[in-house]
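The block underneath contains the structure these notes are about, expressed in structure tokens.
The values are calculated or read from the model by the stated rules, or taken from the named source; none is laboratory data. These figures come from a predicted structure and were not determined experimentally. Neighbour counts run over all protein chains shown; Cβ positions are idealised from the backbone, glycine included. Side chains included, ligands, DNA and RNA excluded: accessible areas come from the protein's heavy atoms. Shrake-Rupley method; radii C 1.70, N 1.55, O 1.52, S 1.80 Å.
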Amino acid sequence: IGGLHPSVTEQDVRAYFGTYGRIVEAKVVTDRATGRGKGYGFVTFDGTAAVDAVMRTRDHALQGKPVEVKPQVAKELSARHGAGTGPMGPMD
């Protein structure tokens with residue numbers, strides 16, 4: 001999730017995206033010094049149906065601010081299928 005307002009909390013993310021399916025984990029990345037959000041976060045659902053539903057919805061907003069959502073593939077899966085990259089370039 002990108003474009004989060006700095007005051008958006010994990011609870012805000014869970015409340016909004018929980019309407020699409022069961023959330024396993026929700027995280028808002030915060031600044032260690034201030035504790036305020038850095039403007040992005042992650043949501044992990046318990047299945048792909050919820051992800052598909054989120055992606056079918058064109059416009060998302062939290063606290064009245066539009067946010068951008070993108071699906072993410074688990075690192076283990078991308079590395080196994082050659083889609084990941086390491087410090088030396090593509091992993092085989």
Quiz item: When segment 13-31 is examined, which residues are found to be open to solvent by 50 Å² or more (accessible area, probe 1.4 Å) and assigned to a helix (DSSP H, G or I)?
Solution: ARG14, ALA15, TYR16
Quiz item: Which of (1) at pLDDT below 90; (2) open to solvent by less than 90 Å² (accessible area, probe 1.4 Å); (3) assigned to a loop (DSSP other than H, G, I, E, B) does GLN72 not meet, given it meets every other one?
Solution: (2)
Quiz prompt | Those residues of segment 32-48 which are free of Cβ contacts under 8 Å to residues at least 24 places away in the same chain, open to solvent by less than 100 Å² (accessible area, probe 1.4 Å) and under 15 Å from SER7 (Cα atoms), in sequence order | solution = ALA33, THR34, GLY35
Exercise. Mind counting the residues in segment 21-31 that are over 10 Å from ILE1 (Cβ atoms) and in contact with a Ser or Thr (Cβ under 8 Å, 6 or more places away or on another chain)?
Key: 3
Quiz item: Across segment 1-12, what is the total count of residues that are more than 13 Å from ALA61 (Cα to Cα) and open to solvent by 60 Å² or more (accessible area, probe 1.4 Å)?
Solution: 2
